[in-house]
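Colleague: Below is a structure I'd like to ask you about.
The values are calculated or read from the model by the stated rules, or taken from the named source; none is laboratory data. Small disclaimer: the values here were computed from a predicted structure and weren't measured. Here the Cβ is made from the backbone with ideal geometry for all residues, glycine too, and neighbour counts use every protein chain on show.
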Amino acid sequence: MFFQIDFDNRLAIYDQVVRQITFAVAGGVLREGELVPSVRELARELTINPNTVARAYRQLQDHGVLAGVRGTGLAVAAGAAKQCREERVGLIRSQLEQVFGEARQSQIDPRKFRTLVEQELERQMPDGAGKAESRKPKAEG
């Protein structure tokens, strides 16, 4: 499949699986009704314990991302894409809160911090989606 485990990451392995499936659903890589790999198959592919995959799948089922298909396995649940996109935004917001908190604790000047954020937006989203100029009011005259 397309999942990858970072064994050096502080995030638990099952959480990495949960997040990657959530992001795949949010991004349309996995679509409603599409089957996910079996527990054994994904465990073998990622060289992790099947119980770890089972735990991740249980959590995804509990959150309504995956649903059981009788006699077949697990598939992406109806409405999961919207839910996963919202969860993805929540994760990003949480990470932003940490970055902003660290900037505040480091006593970085707000103007300097804004410049850093705008530079990074431009670097990460060169198509213009992050350009601050597009949000500034136009000069009259």
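Colleague: In segment 24-71, what residues are in contact with a Lys or Arg (Cβ under 7 Å, 6 or more places away or on another chain) and under 20 Å from VAL89 (Cα atoms)? So that I can check it myself, show each step before the final result.
Modeller: Looking only at segment 24-71, we keep the residues that are in contact with a Lys or Arg (Cβ under 7 Å, 6 or more places away or on another chain), and these are 26, 50.
Result: ALA26, single match.
Colleague: Here's something else I'd like to know. Select from segment 111-126 the residues that are of a type in the set (Asp, Glu) and without any contact (Cβ under 8 Å) to a residue 12 or more places away in the chain and write down the one among them that is farthest from GLN95 (Cα to Cα). Explain how you work it out, then say what you get.
Modeller: Taking segment 111-126 first, the residues of a type in the set (Asp, Glu) are 118, 120, 122.
Filter again for without any contact (Cβ under 8 Å) to a residue 12 or more places away in the chain, leaving 120, 122.
Working: GLU120: 15, GLU122: 19 Å.
Once the filter is applied, the top-ranked residue is GLU122.
Colleague: Going through segment 20-35 one residue at a time, which ones are surrounded by 13 or more Cβ atoms within 10 Å (Cβ to Cβ), under 17 Å from the mean Cα position of the chain (by Cα) and either without any contact (Cβ under 8 Å) to a residue 24 or more places away in the chain or more than 16 Å from GLU87 (Cβ to Cβ) (or both)?
Modeller: Matches in segment 20-35: GLN20, ALA24.
Colleague: What are the pairs, 6+ residues apart or on separate chains, where a residue within segment 81-110 that is free of Cβ contacts under 8 Å to residues at least 60 places away in the same chain and under 17 Å from LEU121 (Cβ atoms) has its Cβ under 6 Å from a residue that is of a type in the set (Phe, Trp, Tyr) and surrounded by 13 or more Cβ atoms within 10 Å (Cβ to Cβ)?
Modeller: Pairs found: ALA103/PHE113.
Colleague: Looking at this structure, is ALA75 of a type in the set (Gly, Ala, Ser), in a helix (DSSP H, G or I) and modelled with pLDDT of 95 or more? Walk me through how you get there before you give the answer.
Modeller: Numbers: of a type in the set (Gly, Ala, Ser): yes; in a helix (DSSP H, G or I): no; modelled with pLDDT of 95 or more: yes.
Against the criterion (of a type in the set (Gly, Ala, Ser), in a helix (DSSP H, G or I) and modelled with pLDDT of 95 or more), ALA75 does not qualify.
Colleague: Answer yes or no as to whether ARG93 is out of contact with any strand residue (DSSP E or B) (no Cβ under 9 Å at 6 or more places or on another chain), surrounded by 14 or more Cβ atoms within 10 Å (Cβ to Cβ) and not in a strand (DSSP E or B).
Modeller: On the way: out of contact with any strand residue (DSSP E or B) (no Cβ under 9 Å at 6 or more places or on another chain): yes; surrounded by 14 or more Cβ atoms within 10 Å (Cβ to Cβ): no; not in a strand (DSSP E or B): yes.
No.
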